[in-house]
1. Scan 198, 194, 209, 156 and give me the residue that is in contact with a strand residue (DSSP E or B) (Cβ under 8 Å, 6 or more places away or on another chain), surrounded by fewer than 18 Cβ atoms within 10 Å (Cβ to Cβ) and at pLDDT 90 or above.
2. Right, residue 56: within 27 Å of residue 36 (Cβ to Cβ), surrounded by fewer than 18 Cβ atoms within 10 Å (Cβ to Cβ) and either at pLDDT 55 or above or touching a helix residue (DSSP H, G or I) at 6+ places or on another chain (Cβ under 6 Å) (or both) or not?
3. Criterion first (outside any strand (DSSP E or B) and at pLDDT 65 or above) does residue 148 satisfy it?
4. Inspect region 121-136 for any residue being at pLDDT 90 or above and either surrounded by 14 or more Cβ atoms within 10 Å (Cβ to Cβ) or part of a loop (DSSP other than H, G, I, E, B) (or both) and give the result as yes or no.
5. Given the condition crowded, with 19+ Cβ neighbours inside 10 Å, part of a loop (DSSP other than H, G, I, E, B), modelled with pLDDT of 95 or more and touching a strand residue (DSSP E or B) at 6+ places or on another chain (Cβ under 8 Å), answer yes or no: does some residue in region 62-77 qualify?
6. Return the residues of region 42-55 that are in a helix (DSSP H, G or I) and out of contact with any strand residue (DSSP E or B) (no Cβ under 6 Å at 6 or more places or on another chain); say none if nothing qualifies.
7. Restricting attention to region 159-172, report how many residues are modelled with pLDDT of 90 or more and either over 17 Å from residue 53 (Cα atoms) or in a loop (DSSP other than H, G, I, E, B) (or both).
8. For region 5-41, which positions are within 22 Å of residue 142 (Cα to Cα), modelled with pLDDT of 90 or more and assigned to a loop (DSSP other than H, G, I, E, B)?
């Protein structure tokens with residue numbers, strides 16, 4: 001199990017009572033395959049992106065140009081993972097910047113989320129075909145699209161690089177997610193992401209570089 005703020009949380013479970021296409025704020029972590037440090041290195045509290053890290057950064061930003069309902073409040077690319085706070089806002093906005101999430105009024109931008117059943121408008125997953133189902137405009141669909149686009153460009157770079165760099169998996173199969181439920185939690189996670197680079201050697205994903 002993964003650890004954040006000294007608390008364990010499941011790496012794979014999705015909250016069964018929550019539709020991940022709903023308006024709200026989400027803390028996500030996406031790791032490289034084998035937690036290999038392919039995105040760059042940290043030196044003197046600065047993250048220096050590798051060519052692969054630059055590709056990841058570009059594809060990350062492009063992803064939000066294609067998703068009008070999705071916003072990134074903060075993110076950081078580390079040597080072997082990405083942390084981010086993503087916010088879904090489908091424009092269900094009332095007065096004074098308040099988002100109404102299916103009958104529950106929440107603060108716009110840093111939405112406090114509570115347990116709610118999936119709405120009737122949410123499409124049901126298709127019969128089990130052995131293929132992972134991603135709800136349209138959900139956090140999972142975003143992550144899947146981003147990882148796919150980045151992987152394609154990374155493998156093209158690896159193929160064209162001299163000397164040739166072997167291709168292989170870029171990402172862990174799954175990603176970590178957490179529904180942010182209130183302002184205090186939002187600020188704690190926001191600060192964790194913003195200071196992740198300077199606290200790299202204390203990070204659970206930290207790996208010493210092989211000489």
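1. Step by step, each of 198, 194, 209, 156 is checked, and only 194 is in contact with a strand residue (DSSP E or B) (Cβ under 8 Å, 6 or more places away or on another chain), surrounded by fewer than 18 Cβ atoms within 10 Å (Cβ to Cβ) and at pLDDT 90 or above.
2. Here the answer is no, as residue 56 does not meet what is asked.
3. Answer is yes for this residue.
4. no
5. no
6. Hits for region 42-55 are 51, 52, 54, 55.
7. Looking only at that region, the number is 3.
8. Residues satisfying the conditions are 38, 39.
The values are calculated or read from the model by the stated rules, or taken from the named source; none is laboratory data. A quick note: this is a predicted structure, and the numbers were derived from the prediction, not measured. Using ideal geometry, Cβ is built from the backbone for each residue, glycine included, and neighbour counts are taken over all protein chains shown.
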